[in-house]
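Accompanying notes for the structure given below.
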Amino acid sequence: MTTATRLQPATEDTHSHRALALIAQHRLLTTTQLHQMLTPHTPPRKIHRVLVPLREQGLITHTTLGSSSRLQAHFLTPEGLAMVHDWPELRGRTATGIPSAAAASLRAAHILTGVRAHLAFLTDARACGDEYEPLDWMPEVTHRLPDTAGEDRLIADAVFHYTAASPRRLQYRAFVEIDRTTMSSERLARKLISYSRFHDYTPQPGGRRGTIADQGTLLAWQRLYPRFPRILFILTGASRPTLTTRIQDLRSMTADHDLVTRLAARVPLGAAVLEDLEAHGPQAAVWTPLAGNAALRGWTQL
């Protein structure tokens, strides 16, 4: 090895750098979730060697969840937010801060349920040798909609990018909706209408409202994605019969609403129970298609 080679700077980010980027993107992560993303092949206790210095430097803080002081969820301080605001891996994303431990506790259920779904895909990808990294799941992605019915935005709970390595290389994108049964089944199903409107929306200059019939102009989603991402609903927080009924309501919306029926003819739509993803992996036959044959299948076969 030459002297010049020895003096080359490292090309890999430190664990501390990666931990800050992960917390910035996901906004809130438990110690265990950070370990699973960052150092899954080391003993869990070693993640504290990464977190303690960040806490001592005032870049992260935490809230305690439940009655056990051992369950901690970490988020960035204002100093941590300032640190990461121009990092390349977060480019195009505005890191959103959580103002206090109390606010973190109130938001924890929704955020951390989404992270559980992300980890199911991450664990599966690692086992399959696919390309999917901890930063490939982007939570709360906002898209513009036509200003009708008092709604002008579609906020996906997450968008993820995934590349399957075999049997042939294929790239996938998906919108994800996390359902903890905190809203009515009808309200959940109406999200399919919002996605259908986004699918058909063509922005027009001068305030004109566009439709799919307009020619010569890119559809809104084509400015962001090479193809319209599949739409995945991930459900939890209720009994199995209740979750099954909610999935059936999603299928009914797909069959009964003309816009959604048209969307389903072009875009794969599916729903699964979070605990099934964690137990069997997203590639297993745990997904119910929202259109056509209801036979269970893997998410890439929807």
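So what is the relative contact order for the chain, in percent, with contacts set as C-alpha pairs under 8 Å and at least six apart?
Details: 460 pairs, mean separation 36.5, N = 302.
Averaging sequence separation for qualifying contacts and normalising by length gives 12 percent for the chain.
In whole Hz and in residue order, list the ³J(HN,Hα) couplings for the stretch 72-78 that follow from phi through the Karplus curve 6.51 cos²θ - 1.76 cosθ + 1.60, θ = phi - 60°; x for Gly and Pro.
3J(HN,Hα) across the stretch 72-78, in whole Hz: 10, 10, 9, 9, 7, 7, x.
Using a 1.4 Å probe, how large is the accessible area of S194, given in Å² and rounded to the nearest 10?
20 Å²
Could you run the Karplus curve 6.51 cos²θ - 1.76 cosθ + 1.60 with θ = phi - 60° over the stretch 161-174 and give me ³J(HN,Hα) per residue in whole Hz, x for Gly and Pro?
10, 9, 10, 7, 8, 8, x, 9, 6, 9, 9, 10, 10, 8
Can you pull the Rg over Rh of the stretch 169-302, Cα-only, Kirkwood?
Values: Rg = 15.8 Å, Rh = 15.7 Å.
Checking Rg against Rh, the ratio lands at 1.00.
If contacts are Cα pairs under 8 angstrom and at least 6 residues apart, what is the relative contact order of the stretch 54-158 in percent?
Here the relative contact order equals 16 percent.
Name the helices (complete DSSP H segments) of the chain with a Cα length along the long axis of 15 Å or more and a Kyte-Doolittle mean of at least 0.0, or state none.
Values: long enough: 15-26 (16 Å, -0.08); 101-128 (39 Å, 0.76); 185-200 (24 Å, -0.91); 240-256 (24 Å, -0.79).
Span-like helices, by this rule, are 101-128.
I need the chymotrypsin sites (Phe, Trp or Tyr not before Pro) found in the stretch 209-302, filtered to DSSP loop residues with at most 12 other beta carbons within 10 Å of theirs. Write down the numbers at each step before the final one.
Numbers: sites: W221, F233, W287, W299; in loops: none.
Taking the stretch 209-302 and a limit of 12 other Cβ atoms within 10 Å, no loop chymotrypsin sites (Phe, Trp or Tyr not before Pro) are found.
If you count only protein heavy atoms with a 1.4 Å probe, what accessible area per residue comes out for the chain, rounded to a whole Å²?
Numbers: 15440 Å² over 302 residues.
In whole numbers, the chain has 51 Å² accessible per residue.
Please state, to two decimals, what the Cα-based radius of gyration of the chain comes to when divided by 2.2 N^0.38 Å (N = residues). Intermediate values should be presented prior to the final figure.
Details: Rg = 20.8 Å, N = 302, 2.2 N^0.38 = 19.3 Å.
Dividing the Cα Rg of the chain by 2.2 N^0.38 Å gives 1.08.
What is the magnitude of the charge dipole of the chain about its Cα centre, with +1 placed on the Cβ of each Lys and Arg, -1 on the Cβ of each Asp and Glu, and no other charges, expressed in debye to the nearest 20?
Working: 34 positive and 27 negative charges, 37 e Å.
Computed charge dipole of the chain: roughly 180 debye.
At a probe radius of 1.4 Å, what is the per-residue accessible area of L71, in Å² to the nearest 10?
80 Å²
So, with a 1.4 angstrom probe, what is the percent of accessible area on the chain that is carbon and sulfur? Before the final figure, lay out the partial values.
Working: 7940 of 15440 Å².
Its accessible area is 51 percent carbon and sulfur atoms.
Check which residues have an amide H placed less than 5 Å from L145's amide H, if you skip close sequence neighbours.
R153, L154
The values are calculated or read from the model by the stated rules, or taken from the named source; none is laboratory data. Everything numeric here is computed off the predicted structure, so don't read it as measured data. As a convention, Cβ positions derive from the backbone with ideal geometry for all residues, glycine included, and neighbour counts pool all protein chains shown. Ligands, DNA and RNA are excluded from the accessible area calculation, which covers all protein heavy atoms including side chains. Shrake-Rupley method; radii C 1.70, N 1.55, O 1.52, S 1.80 Å.
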